[in-house]
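One structure below.
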Amino acid sequence: MAFSATDAAFEGFRLVRRNPLALVAWTLLYALLTLTTVFSLARVAGPMADLIVKAEALEGVTRPPPEQIMALMADFGVVMSQVLWLAPVSLVVGAMLSAAVARGVLKPSGDRFGYLRLGMDEVRVLGVTLVLGIVMGLAAVIGMVVLSVVFAAAEAAGAGAAAIVRLIGFFAFLCAFVWASVRLSLAVPITVAEKRFAFFDSFGVTKGRFWPLLGMAVIVIVMVMVVQLLSVIVSLPLQVASGLEDWTFGSGQDAEVIMAALDVTNPWVIGHAVVEAIVAALTVGILYAPFAAAYRDITGRAEQPSD
């Protein structure tokens, strides 16, 4: 099967049209995660607001006692530990959705539960995603360090040279990051399709197809931006009505205002969470499905056997 970048870019819409119940399942999962997050934040909103007030009071002291600073840091740690579990849960949900979208494209007949599972596919997807994220993060840090050294040397050579070197260095760093991202973009579909940890196998599949894949990614990103922009029209009034627009933890507002904005019994909060869940679920399909379609079309891989 020939690979068409423009055709693959719209695979997310085809997937949702083919199985709209999948979008419902993804939305329910996202809504559950969102409401759980809101409920957990509501539990720590009051203590966190009190700690912020104490921290601001210590800022006005010339030499605050070390024991008070240590006690405040310990209290912050205790409060934050109550919501830290949300991070791994979010990663697991992300792996479930990534695998579900890839499964929906590569094995459309296995559509029960909106392609959602919690098994070895999700474990492998989570592992591959974490490893590649760490590798890309470390590469970015190393690249920034190298650029800093080069920029420092250019500064010593003169202001004119420094400006040119900064422009070239930034462009080279951006190009390298985009190149690596595109070449690794099929890691999740390969992992799901071949049922193994495929950390760097994407390099082989994407060889010679960088520019079509980059074009597909650009189209996908534009579509996601359009969907996000349109969603603001619906979500912003709900966000304002729920009170979520009016505060941040560092705003110094009263804890009661914060807790009211995070009240899961407030229908506006629930409505906002549902709208955000629908948009997030649709975005996942639009964003991930094209890469699974690209893998399918490049390799000619058909339906996969059941677990």
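Structural remarks
- Cross-link partners of K107 among lysines, defined as those whose alpha carbon lies under 23 angstrom from its own and excluding same-chain residues fewer than eight positions apart: K195.
- Using Cβ point charges alone (K and R +1, D and E -1), the dipole size of the chain about the Cα centre works out to roughly 1360 debye.
- Across the chain, the mean sequence separation of Cα contacts (distance under 8 Å, 6 or more residues apart), normalised by length, yields a relative contact order of 39 percent.
- Gap separating the Cα centres of the stretch 159-215 and the stretch 118-158, nearest whole Å: 12
- Beyond 35 Å, the tail of the calculated P(r) for the chain holds 38 percent of the Cα pairs.
- Residues L91, L23, L15 in ascending order of nearby Cβ atoms (within 10 Å, fewest first): L91, L23, L15.
- Helix runs (DSSP H) in the chain reaching 18 Å along axis by Cα, Kyte-Doolittle at least -0.5: 20-59, 66-81, 86-106, 120-157, 159-183, 210-242, 267-299
- In this structure, L214 and V78 have a Cβ-Cβ separation that, at R0 = 41 Å, corresponds to a calculated FRET efficiency of about 0.30.
- A convex hull fitted around the alpha carbon atoms of the stretch 1-126 yields 173 Å³ per residue.
- Sorted by Cβ neighbour density within 10 Å, fewest at the top, the residues F3, F203: F203, F3
- On the beta carbon distance between V145 and K207, with R0 = 35 Å, the FRET formula returns roughly 0.75.
- Helix-only [θ]222 nm of the chain, DSSP H runs n ≥ 4, -39500 (n - 2.57) each, per residue, nearest 500: -26500 deg cm²/dmol
- Selected from S235, A87, P20, residue furthest toward positive end of dipole (the chain; charges at beta carbon): P20
- Ascending count of other beta-carbon atoms within 10 Å, so fewest first, for S98, S185, S90: S90, S185, S98
Just so you know, all these numbers are worked out from the coordinates, no wet-lab data involved. Everything quoted here is computed from the prediction, not taken from an experiment. Every residue, glycine as well, gets a Cβ built from its backbone with ideal geometry; the counts of neighbours run over all protein chains shown.
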